[in-house]
Amino acid sequence: MNAADVRTPTVGTVAEVSRPRLLSLWETSPGLKGFFSTVDHKQIGIRYIVTAFVFLILGGIEALVMRLQLIGPDRTLLTPDQYDQLFSTHGMTMIFLYASPILSGFSNYLWPLLLGSRDMAFPRLNALSYWIYLAAGIFLYVGFLTGNGPNDGWFNYVPYASRDYNPGLNEDFYSLGMVFLGLSVTVGAANFIVTALRTRAPGMSINRMPILVWGTLTASAANLLVVPAVSLAFFLLWMDRQFGTHFFDASNGGQPLLWQHLFWIFGHPWVYAIVLPAMGMASDALPVFCRRPLVGYSLVALSTVATMILGFGVWVHHMFATGLPSLGLSFFSGASIAITVPSAVAVFAWLATLRLGRPVITTAFLFFASMIVLFVIGGVSGFMTASVPVDWQLTDTYFVVAHLHYVLIGINVFPVVGAVYFWFPKMTGRLMDERLGRWNFWTMFIGFNLAFLPMHLTGLLGMPRRVYTYADGMGWDTLNLITSIGSFVLAIGVLLLIINVLRSLKRGAVAGDNPWDAPTLEWSVSSPPPPYNFAVIPTIASRHPLWEDRLQESEARSSLNCGLQLQTAKETIGTTALDAVPDMILEMPEDSFAPLCVAIGLSVTFAGLLLKGWSAVWIGALIVALSILSWLWPRRQLREREPAPASESAHG
Amino acid sequence: MVESAIATPRDLPVGPTGRKGLGSWGVATLIASEAALFSYLLFSYYYDGVVTPRGWLLEPSPSLKLALPNTILLLLSSAVAWWGERGILTRRRNQALWGFGIAFLMGALFALVQWFEWHAKPYHFGASNYASLYFITTGFHMAHVLVGLLVLAALFLWTVLDYFSPRRRLTVTAGVFYWHFVDVVWLFVFTTYYITPYLGFGR
Amino acid sequence: MSATPLAYLSSAGTRADITLPLTWLTLIISIIVCLVVAWVLWQAMRRASARGGAQATRSIPVERGSNGVRWIRIGLWLSAAPLLLTLVWTMVALAKVAAPFARPALTLDVTGHQWWWEAVYHGDGPSQTFHTANEIHIPVGVPVQVRLHGADVIHSFWVPKLSGKTDTIPGQTNISWLEARLPGRYQGQCTEYCGLQHARMAFEVVAQSADDFERWRQHQLEPAPAPSSAEQQRGMDLVVYRCGLCHSVRGTPAGALYAPDLTHLMSRRLIAAGVLVNNPGNLSGWIEHPQGIKPGSLMPDQFLSGPQLSDVRAYLETLQ
Ligand code: HEA
Ligand code: HEA
Ligand code: CUA
Ligand SMILES: [Cu+2]
């Protein structure tokens, strides 16, 4: 056997002399070349975060314009068509281009650091999922900016989305854009799953993973299985619109409800997928500020998974009013009531952590802690709609709009902002301003509740959702005015966040490696971390490697300064799925243009499909095929082929 | 004094060896997702079949004349691809080349026959929701066959270039696994569209 | 009419009556849960050991603390009772609202169109059947079955004071039922997004005594009266020739069913699917320029000259 096939990795301490060597192996080359070819998870993570924030602002501005239209009865700022495109684009942007990618961004950035690894399992796939996300986002927004934005709400019911009732390009942009975006989510999910299961540091058995990892892992497993449903639905819709198939139109035997089933089989697991990682971030960060471990780690991890498993079986609660038989409805109603239980576990675990810990009130803490109550408000309104007869009254009113904003803003936006405050020092080396942070928090908190708490009442007073205007004399005027004012206060809060980020980038206090004295691995490396993350691969002996001396949880201690060196090539360690026993040395790929080329090829293809330029479709497909071929071409450096040349086996 | 736990693994394989390696995990996730895609297609079929009144099937007794032999052909091609993979494992390069080459040809023949099968159908895809589903499902499968053919062609090429050995062959295993998947999926599609009508579904 | 015509925290019909207590139950449970959680959170924050930023955080030592899983258990036990109660109550209420106790006294067909409602009342034989639009009359105190159809896209039929929502879906017939406890006018609204004028797709349900209802029915069965002046005659010609492409007026050649039946237009309180009060000014305004009132409406602007408009109006006003 060749010496390059099997090796005993050297074990040693972190040596300053080895850093330049690691740097030369892992650093992205400067300039545009590096920019377009990097596979560094940290850079990709930050790109995800920044891009998603841009979409949050775009979606937020759309919302603000809507709120101006709804500020009083019978306003004519917007035409019905403009309003319809705005609310649909707002929903699409927030759900697909902000809420999910922002969490992918944090997970991308943090995972290898949390797991004690040097990169994601498939770094090039990681780059690909970002480029596709960007391209699909641009694709969808080209539609919106040319007046062809989606105009049938984010869940896009047929037959209104079919060509008979919706002849423009709007729905073609949306359908194709969603199929396009689905590719990004799918490859991203695959990457997260393999990363979590195969690249954890030695000793980080599955019951020592941070909850964020559980959250994103669960979300990714779900995405892998449900995204095809929505991609398929949108593809079939596009076929119906452009090629005269009859999947959905009733006049030829098509089933409008088939759309709803396919959409919500995807949709409900998806709404959990866009909060579980955020709940995970809270579960990891709250204990830091409570100065104690999370209460009920195993229960919280279990409840994360349980939420998702139950989450596969509740989709019909979005279809209670479609005339399905009562027996079926009662099953889904029961399941939707039952699904509160795992959420309750997480809520009580957080409360107990706060109660039994010694809370330190910082801005990040405020965002995470307020999330608890916002989640409960959003959760109980979901509990109300879970009861079928009640939902027959509540559905499609502003009550549901209030529900979805409490859950989405409450357990996505708030923890995400908390995460910005919490991990900003790690990402940039500087702390964010706490004083401005307090202003930031209180404006967002007050603005949000001002806008959306009264909205429950608007719903109970019967205001239907998705109306471009309303008559006066319905009892909704004052409430809508308050909501509009609250929205602007909330927007100012977001603005303060942006200001704080920009200011702190330059002027923030220097953070040091572990400003919060937090327990997990990312805080054991410098801020910002070096391109290779860990100079030696640590060995983990507990859930809180940096708190071990104080918690005295385990006999053994994690070893952070002494470990596997792996400095002769771009390498990291592969470990077994459950116990994280090292079982192979992973050769990591160099930077590559292939992901970008695939994304460009796909963009050409999708643009061709949209405009029916078949030559463009084929050219794009060819670019994609060739890029993938070159990508997968077995490489010596990655040990994908024989024979390994003698020179490589020399060191090691 | 507490001791610190340092992992000191010995003799670790470097890079993918045999069928161990991240690549097989990656392909497994890809296949899970693809399997989900097909299950939604089949779900659509059964859903429509259940909620639509009688007379939904445009061909209450689908002709098996082409479909059945073609199914057998595809399954055999899977076996041949497996035999080709054995060739890599046993360092018999010619066996591998024959295996991948013949599997490729059989797959291509399957595609060709399927093409005729489509033309032999008495309806076209715009005839009804049944027709649309039939063509989209078999069409999706065909797309996967085409990708599979590309994969087999690449494996053939790489074997010609003598890239693989029993140790360094994850690409082969993953590619052949994909081909098995394409064939297994066809079994489900075939059963759904050609067999269940005889069992009474949707008649 | 109350100031909040679509609010469902008050009810006037059997199905809404059954649902309302359950709504209150879940609402009160929800409020209590929120208050308890907020209180616990508040207590924990009040005991905060430090405030500030990173430095303050570091200043508090880390401790293992007590295990605390007990609190999760307690919380779950406390939640179990309201959850179970809600579950059981939901099933009972669902069974009750799903179908009426008595045989429906009347069955009518309601179809959702972009952006108006068609109602068909059946009698014995075609001569006893008539179409009307946007104003649904029912006898009070008895269950009325409503068969719901979708003409184009999905709409949803909702009369909050009487009953929850049921969608109208093309290609399928959904069954709903109404039973008004008190006579009165109840506002209804389309609540499934259906395009540009989804916002203005309202209707009214008029619950009246059996006698009044029967009188109304008999009246609706009558065809339109013949014009009795030259002006009305000219108006009728215009209505037949132009409006008749989409509307019908029984007793005249205008017989299209794409748009609301106008035979007894003037008997309805509102026009344009609940948007305007039916008075001469609004009526002319609507006929002239529906696109100004409901942009995107399928009724095109009519571009009638002044005299033509007054002829048309004169004729329409005879359609009592
Ligand atoms: C962001 C994620 C998210 C989350 C986490 C949830 C959580 C829940 N949702 Fe929500 N939901 C959405 C996003 C989300 N939802 C969106 C986006 C829509 C609208 C889509 C659209 O139409 O546009 C929607 C719509 C929606 C509907 C359809 C309404 C309608 O259209 O008519 C229903 C119906 O059952 C529902 C139910 C629930 C339930 C039961 C939960 C539960 O998981 C909540 C559980 C949590 C708690 C209950 C709080 C904690 C528990 C305790 C403290 C214990 C004590 C509690 C009790 C005793 C009650 N949701
Ligand atoms: C994560 C998801 C998310 C988020 C964050 C939001 C945020 C907001 N949403 Fe939205 N919303 C949805 C998801 C979300 N929404 C969904 C899924 C729907 C359903 C769509 C459908 O029916 O199909 C919906 C629908 C919806 C409606 C109902 C429309 C209708 O039915 O007719 C309304 C109405 O008020 C609304 C309002 C708002 C407001 C005021 C905000 C505010 O939070 C916005 C706050 C503002 C900002 C975040 C912008 C800040 C900008 C600046 C500070 C400017 C800075 C400028 C520069 C730097 C240049 N949303
Ligand atoms: Cu009809 Cu909304
Ligand atoms: Cu849901």
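The values are calculated or read from the model by the stated rules, or taken from the named source; none is laboratory data. Being a predicted model, the structure only gives us computed values, none of them experimental. Don't worry about glycine lacking a Cβ; one is built from the backbone with ideal geometry, like all the others, and counts go over all protein chains shown. Heavy atoms of the whole protein, side chains included, go into the accessibility calculation; ligands, DNA and RNA do not. Shrake-Rupley method; radii C 1.70, N 1.55, O 1.52, S 1.80 Å.
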Being open to solvent by 20 Å² or more (accessible area, probe 1.4 Å) and within 12 Å of another protein chain (Cβ to nearest Cβ) is true for just one of A:VAL179, A:VAL194. Which residue is that? A:VAL179
Mind checking which residues of the range A:478-516 are surrounded by fewer than 19 Cβ atoms within 10 Å (Cβ to Cβ) and not in a helix (DSSP H, G or I)? A:GLY508, A:ALA509, A:VAL510, A:GLY512, A:ASP513
Consider A:CYS290 against the criteria (1) touching a Ser or Thr at 6+ places or on another chain (Cβ under 6 Å); (2) more than 20 Å from A:TRP423 (Cβ to Cβ): it satisfies all of them except one. Which criterion is unmet? (2)
A:ALA346 is checked against (1) hydrophobic (A, V, I, L, M, F, W, C); (2) open to solvent by 10 Å² or more (accessible area, probe 1.4 Å); (3) closer than 30 Å to C:VAL62 by Cα and fails just one. What number does that condition carry? (2)
Within the range A:369-386, is even one residue in contact (Cβ under 8 Å) with a residue 12 or more places away in the chain, within 11 Å of ligand 2 (Cβ to nearest atom) and within 13 Å of chain C (Cβ to nearest Cβ)? no
For A:VAL54, only one of the following conditions fails: (1) closer than 21 Å to A:LEU495 by Cα; (2) open to solvent by 20 Å² or more (accessible area, probe 1.4 Å); (3) touching a residue at least 40 places away in the same chain (Cβ under 8 Å). What is its number? (3)
Filtering the range C:287-301 down to residues that are open to solvent by less than 30 Å² (accessible area, probe 1.4 Å) and farther than 25 Å from C:GLU222 by Cα yields C:PRO290, C:LYS294, C:GLY296, C:SER297
Can you spot a residue in the range A:306-324 that is more than 15 Å from ligand 4 (Cβ to nearest atom), under 20 Å from A:LEU262 (Cα atoms) and facing chain C (nearest Cβ under 8 Å)? yes
Given the options A:MET427, A:MET455, name the one that is more than 16 Å from ligand 1 (Cβ to nearest atom) and either buried (at least 19 other Cβ atoms within 10 Å of the Cβ) or at positive phi (or both). A:MET427
Residues located in the range C:20-60, provided they are over 25 Å from A:LEU460 (Cα atoms), at the interface with another protein chain (Cβ under 7 Å from one of its Cβ atoms) and in a helix (DSSP H, G or I): C:VAL40, C:LEU41, C:ALA44, C:MET45, C:ALA54, C:ALA56, C:THR57, C:ARG58
Name every residue in the range A:577-589 that is open to solvent by 10 Å² or more (accessible area, probe 1.4 Å) and without any contact (Cβ under 8 Å) to a residue 60 or more places away in the chain, in order of residue number. A:ASP583, A:GLU587
Restricting the range A:377-423 to residues that are within 16 Å of ligand 3 (Cβ to nearest atom) and not in a helix (DSSP H, G or I), the one least open to solvent (accessible area, probe 1.4 Å) turns out to be A:THR397
Report, by residue number, each residue of the range B:3-22 that is small (Gly, Ala, Ser) and surrounded by fewer than 21 Cβ atoms within 10 Å (Cβ to Cβ). B:SER4, B:ALA5, B:GLY18
Under the condition of being at the interface with another protein chain (Cβ under 8 Å from one of its Cβ atoms) and over 30 Å from B:PHE135 (Cα atoms), which residue from the range A:202-247 is most open to solvent (accessible area, probe 1.4 Å)? A:GLY203
Which of the helices (runs of 4 or more DSSP H) found entirely inside the range A:62-147 contain at least 2 residues meeting this: within 11 Å of ligand 2 (Cβ to nearest atom)? A:80-92, A:100-115
Quick one: count up the residues across the range B:57-72 that are within 14 Å of chain A (Cβ to nearest Cβ) and buried (at least 19 other Cβ atoms within 10 Å of the Cβ). 1
Among the listed residues A:SER298, A:SER343, which satisfies the condition of being under 25 Å from the mean Cα position of the chain (by Cα), under 20 Å from A:GLY378 (Cβ atoms) and away from ligand 3 (no atom under 16 Å from the Cβ)? A:SER343
Please determine whether any residue of the range C:139-156 is within 16 Å of ligand 1 (Cβ to nearest atom), facing chain A (nearest Cβ under 8 Å) and among the acidic types (Asp, Glu). no
Search the range B:148-169 for residues that are within 7 Å of chain A (Cβ to nearest Cβ) and over 20 Å from B:TRP186 (Cβ atoms) and pair each with any residue that is aliphatic (A, V, I, L, M) and part of a helix (DSSP H, G or I) when their beta-carbon atoms are under 6 Å apart and the residues are at least 6 apart or on different chains. B:PHE164/B:ILE88; B:PHE164/B:VAL172
